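Undergrad: Pasting a structure below so you can have a look.
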Amino acid sequence: MLVPADAPPVSLYTTNDVSRLVEEAQFTLGEGPSVDAYQLERPVIEPDLANPETVRWPAFSPVVLRAGVRSVFGLPLRIGAVRLGALGFYRDMAGPLTNDQHADALVLADVATRAVLAIQANASAGEIAVELESGANLRFVVHQASGMVAVQLGVSITEALVRLRAYAFANDVPSPKSRRGRRPAPPFPF
């Protein structure tokens with residue numbers, strides 16, 4: 001997950017359908033381990049979503065549990081004071097990471113951070129690199145719709161995005177990228 005300046009997060013890459021669902025749930029609901037890892041600037045670990053010590057994500061957890069996810073881990077992508085996003089992992093079994101797994105995850109987050117910086121280094125000033133832009137474009141339609149809803153309802157962009165996310169969640173509407181073969185969404189009730 002990358003978080004452009006003054007913009008909602010974008011999912012850059014997922015490895016399979018379950019990880020895509022995890023990222024989609026975080027984007028749609030605005031909560032989850034990667035969201036928290038980015039905001040808190042530290043690793044966020046939930047070794048047992050079905051039996052957490054503290055309920056952190058009341059909307060996110062049931063969605064991913066139904067998909068077979070039992071534990072989730074979010075690591076910030078940052079270098080010094082620069083925050084780029086977060087790297088998320090999940091498992092289909094409950095339990096904490098071992099010390100070696102945790103160390104490996106931190107190394108992967110560092111490698112991912114440096115890869116994003118290296119890719120972006122080839123872009124012109126003020127532009128996003130083509131390789132990163134393809135991931136960012138996945139959410140362009142949603143951000144455009146947020147602006148339209150904000151104007152029509154006379155609310156802030158943030159509130160419009162929250163309303164769109166809630167509507168999508170309530171109507172089981174996936175992101176534009178994952179809509180192939182799915183039923184069309186009912187009209188948005190303005």
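The values are calculated or read from the model by the stated rules, or taken from the named source; none is laboratory data. This structure is a prediction, so every number in the text was calculated from the model and none was measured. Counting neighbours? That spans all protein chains shown, and the Cβs are built from the backbone with ideal geometry, glycine included. Areas reflect the complete protein model, heavy atoms only, side chains present, ligands, DNA and RNA absent. Shrake-Rupley method; radii C 1.70, N 1.55, O 1.52, S 1.80 Å.
Undergrad: Only residues in the range 112-123 that are under 20 Å from Thr14 (Cβ atoms) and open to solvent by less than 60 Å² (accessible area, probe 1.4 Å) count as the first member; pair them with residues that are at pLDDT 80 or above and of a type in the set (A, V, I, L, M), Cβ under 7 angstrom, at least 6 apart or cross-chain, and list the lot.
TA: From residues that are under 20 Å from Thr14 (Cβ atoms) and open to solvent by less than 60 Å² (accessible area, probe 1.4 Å), the pairs are Ala112/Leu77; Ala112/Leu87; Thr113/Leu77; Thr113/Ile79; Thr113/Leu84; Val116/Leu2; Val116/Leu77; Val116/Leu84.
Undergrad: Take the range 58-78 and flag every residue that is part of a helix (DSSP H, G or I) and in contact (Cβ under 8 Å) with a residue 40 or more places away in the chain.
TA: Within the range 58-78, Val63, Val64 meet the criteria.
Undergrad: Let me ask you something else. Which members of the range 39-57 meet the condition of being open to solvent by 50 Å² or more (accessible area, probe 1.4 Å), without any contact (Cβ under 8 Å) to a residue 12 or more places away in the chain and in a loop (DSSP other than H, G, I, E, B)?
TA: Within the range 39-57, Glu53, Thr54, Val55 meet the criteria.
Undergrad: Take Glu31 and tell me if it is of a type in the set (Asp, Glu), closer than 24 Å to Ala170 by Cα, open to solvent by 20 Å² or more (accessible area, probe 1.4 Å) and at pLDDT 90 or above.
TA: yes
Undergrad: Same structure again: How about the range 79-110: which of its residues are at pLDDT below 90, assigned to a strand (DSSP E or B) and open to solvent by 50 Å² or more (accessible area, probe 1.4 Å)?
TA: Correct list: Ile79, Val82, Arg83.
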